[in-house]
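So the structure is just underneath, and the comments pick up after that.
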Amino acid sequence: MTNFKKRLLGGLALSTALAVGAALPAAAEVELTMYYPIAVGGPLTAVVDGLVADFQKEHPDIKVNAIYAGNYDDTRVRALAALNAGEPAQLSVLFSIDVFELLEQDVIVAFDDLVETEEDQEWLDSFYPGLMANGVVDGKTWGIPFQRSTIVMYWNKDAFAEAGLDPEVPPSTWGEMVEMGKALTKEDGSQWGVMVPSTGYAYWMFQAFALQNGIELMNSEGTETYFDDPAAVEALEYWLSLSAEHGVMPRGTIEWGTLRQNFLDGQAAIMWHTTGNLTAVRNEADFDFGVALLPANKRYGSPTGGGNFYIFKDSSEEEQQAAFTFIKWMTAPERAAAWSIETGYMGVTPAAYETEALKSYIETFPQAAVARDQLEYSAAELSTYEGGRVRQALENAVQAALTGSATPADALAEAQATAERLLRPYR
């Protein structure tokens, strides 16, 4: 029995109330708290606030408190701390790769269990399979794609022309990136040929190099890693060679958070970064730029990245259904298209790219389709049990190699030993 019926029956018989034309009280409002991250610059909190406001106009019975909580790691920590403290939190946007940790802590519900209609099932089946790879475990869907990305290559067409290169032709192989990088690097250090960030998400960038060299770094069950595979070692050796041997990239580490500005300031002629920076680069660049697939060695390749929606188990059935309604609304083709245009993140369904808004946008700005096109060569982002500690071990290895404190082989062997110790209990 619903709450409003209980209240009516507490005073009068329902039939009497209806007979005299008594007004039914408004449905009880469901209030949701959602934590979400931002991993790129730009006024994305305002975009989220606008979407939430539009949702509440259409669903006045559901109130959503959208709380910006920092980067992905900050948001995971804050959301889990709120749950552990008994504070109300019904849903969150968290790393797609957090799924194993969330399952281990038994704090999320499967979306399959919330599906009630054929329309719900069609929605669940509508997402790009490549974006679902990190959200499906043991045949159930635990995370729904929202702000999703691949790593793409941005290049400064003006810098290419100045260096005597064809501004419309970016490097498509590792060898070409070295050769073009040499032409683009200025002796006074004012412009580097290539910059690949090695803080923040160094494991993600390294996974791209590894995929391009034909090796996936983990199994789909999240219980094994292959960091010390010879192909992985070779991939890190190539990354290091860009600075140590070829001199087309600065030595040491390159900051994730400032690289976009380095590119905009002309300090990097080529940068690897998330497609989530695309709209900001378009809005701020005072030069012509292109966006392309990452260059290949044995193959093209980029891991997917970004955030998924999750619904927390410690919430009422009514709250879970309200969260489900909100997530379906946020990922509908029109909203997915609008989010992609506003941010540069991918439209998460093929239907998003069939909307007039996104089709028109891509016609005038074809760079917006690159991340989607790269899904053909993508793989699931590195995700395992003990994910934070495993990723940190790999981050440490990458940075040790790039700063010269360990060889790529030794650094990756140590990371693999750490991962092996952490993951052995889960097999």
* **Surface per residue (accessible, 1.4 Å probe) for segment 346-392, Å²** => 40 Å²
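Which value, in debye to the nearest 20, describes the size of the charge dipole of segment 247-296 about its Cα centre when Lys and Arg Cβ atoms bear +1, Asp and Glu Cβ atoms bear -1, and nothing else is charged? Mind showing how you got there, number by number?
Details: 3 positive and 5 negative charges, 37 e Å.
Computed charge dipole of segment 247-296: roughly 180 debye.
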* Using only helices, what value at 222 nm comes out for the chain when you add -39,500 (n - 2.57) per DSSP H run of length 4 or more and divide by the total residues, to the nearest 500 deg cm²/dmol? -> -13000 deg cm²/dmol
* Structure fact -> Ranking Asn297, Gly193, Ala285 by how far each Cα lies towards the positive end of the charge dipole of segment 149-302 (+1 on Lys and Arg Cβ, -1 on Asp and Glu Cβ), the top one is Ala285
* To do: Specify the residue with the greatest mean-square fluctuation among Glu376, Glu116, Glu356, computed from a Gaussian network of the chain linking alpha-carbon atoms under 10 Å apart.
  => Glu116
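Given a Förster distance of 22 angstrom, what is the FRET efficiency for Glu116 paired with Asp314, based on the Cβ-Cβ distance and rounded to 0.05? Could the numbers behind the result be given before it?
On the way: r = 21 Å, r/R0 = 0.97.
Between Glu116 and Asp314 the formula returns 0.55.
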* Full-extension gain in nm, Ser241 to Asp265, via 0.36 nm per residue minus C-alpha separation -> 6.2 nm
* **Given charges at Cβ of Lys, Arg, Asp, Glu: segment 165-287 dipole, positive-most of Gln261, Phe206, Val233** => Gln261
* To do: Could you state the angle between the C-alpha long axis of helix 408-423 and the longest principal axis of the C-alpha atoms of the chain, as a value from 0 to 90 degrees rounded to the nearest 10?
  => 20 degrees
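Quick one: grab the alpha carbon gyration tensor of segment 215-285, order the square roots of its eigenvalues as a ≥ b ≥ c, and give me rounded if a/c is under 1.5, else prolate or oblate depending on whether a/b is larger than b/c.
Values: a/c = 3.42, a/b = 1.51, b/c = 2.26.
Cα axes put segment 215-285 in the oblate bin.
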* Asked: Relative to the first principal axis of the alpha-carbon coordinates of the chain, what is the inclination of helix 387-403, with its axis defined by its Cα atoms, in degrees from 0 to 90 and to the nearest 10?
  -> 20 degrees
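Which chymotrypsin sites (Phe, Trp or Tyr not before Pro) from segment 204-254 combine a DSSP loop assignment with at most 13 other Cβ atoms within 10 Å?
On the way: sites: Trp204, Phe206, Phe209, Tyr226, Phe227, Tyr238, Trp239; in loops: Tyr226, Phe227.
Of the chymotrypsin sites (Phe, Trp or Tyr not before Pro), not one in the loops of segment 204-254 has a Cβ with at most 13 other Cβ atoms within 10 Å.
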* **Amide N proximity, segment 66-88 versus Glu31 label position 7 Å along Cα-to-Cβ, cut-off under 18 Å** => 66-68, 82-83, 85-88
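Could you size up the charge dipole of segment 48-172 around its Cα centre, putting +1 on the beta carbon of Lys and Arg and -1 on that of Asp and Glu, and report it in debye to the nearest 20? Could the numbers behind the result be given before it?
On the way: 7 positive and 24 negative charges, 93 e Å.
The dipole of segment 48-172 has a size of about 440 debye.
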* **segment 136-281 - percent of accessible surface contributed by carbon and sulfur, probe 1.4 Å** => 47 percent
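Suppose every Lys and Arg Cβ carries +1 and every Asp and Glu Cβ carries -1, with no other charges. What dipole size does the chain come out with about its Cα centre, to the nearest 20 debye?
On the way: 27 positive and 60 negative charges, 125 e Å.
Once rounded to the nearest 20, the dipole reads 600 debye.
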* Structure fact -> Pseudo-spin-label distance Ala46 to Ala417, built 7 Å along Cα→Cβ, given in nm, is 5.2 nm
* Taking Cα atoms, how many degrees apart are the long axis of helix 333-343 and the longest axis of the chain, rounded to 10 and kept between 0 and 90? -> 40 degrees
* Of Pro295, Pro37, Pro167, which has the largest mean-square fluctuation in a 10 Å C-alpha GNM of the chain? -> Pro167
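Provide the gained length on full extension for the span Asn71 to Asp158, in nm with one decimal, where the gain is 0.36 nm per separating residue minus the Cα-Cα distance.
Details: separation 87, 0.36 × 87 = 31.32 nm, distance 3.25 nm.
Net length gain for the segment: 28.1 nm.
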* To do: Among the aspartates and glutamates, select those whose C-alpha is under 17 Å from the C-alpha of Lys157, and discard any that sit fewer than 8 residues away in the same chain.
  => Asp166, Glu168, Glu176, Glu179, Asp265, Glu284, Asp286, Asp288
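Per Stokes-Einstein, at 10 °C and 1.306 mPa s, what whole-number D in µm² s⁻¹ belongs to segment 285-367, with the Kirkwood radius over Cα pairs as the hydrodynamic radius? Kindly include the intermediate steps, with their values, before the conclusion.
Working: Rh = 15.5 Å.
Roughly 103 µm²/s, to the nearest whole number.
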* Label-point separation, Glu87 to Glu104 (7 Å along Cα→Cβ), nm -> 2.4 nm
* In whole Hz, with x marking every Gly and Pro, tabulate ³J(HN,Hα) for segment 143-154 from phi via Karplus 6.51 cos²θ - 1.76 cosθ + 1.60, θ = phi - 60°. => x, 10, x, 9, 9, 10, 8, 10, 7, 10, 9, 9
* Return the sequence-ordered ³J(HN,Hα) values of segment 244-254 in whole Hz as given by the Karplus equation 6.51 cos²θ - 1.76 cosθ + 1.60 applied to θ = phi - 60°, using x for Gly and Pro. => 6, 9, 8, x, 9, 9, x, 6, x, 9, 10
* To do: Report the calculated FRET efficiency for Arg424 and Lys140 (r = Cβ-Cβ distance, R0 = 30 Å), to the nearest 0.05.
  => 0.75
* For segment 207-223, what does the Karplus curve 6.51 cos²θ - 1.76 cosθ + 1.60, with θ = phi - 60°, yield as ³J(HN,Hα) per residue in whole Hz, taken in order and with x for Gly and Pro? -> 4, 4, 4, 5, 4, 5, 9, x, 10, 8, 8, 8, 8, 6, 7, x, 10
* Asked: Amide H to amide H under 5 Å from Thr33: which residues, 5+ apart in sequence or cross-chain, H placed 1.01 Å off N in plane?
  -> Asn65, Gln90, Leu91
* To do: Would you mind telling me which residue in Gly70, Gly130, Gly306 has the biggest mean-square fluctuation in a Gaussian network model of the chain, where springs connect alpha carbons within a distance under 10 angstrom?
  => Gly70
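The values are calculated or read from the model by the stated rules, or taken from the named source; none is laboratory data. Keep in mind that what you see is a predicted model, and the values were worked out from it rather than measured. No Cβ is skipped: glycine too gets one built from the backbone with ideal geometry, and neighbour counts run over all protein chains shown. When the accessible area is computed, the model is the full protein with side chains, heavy atoms only, and any ligands, DNA or RNA have been set aside. Shrake-Rupley method; radii C 1.70, N 1.55, O 1.52, S 1.80 Å.
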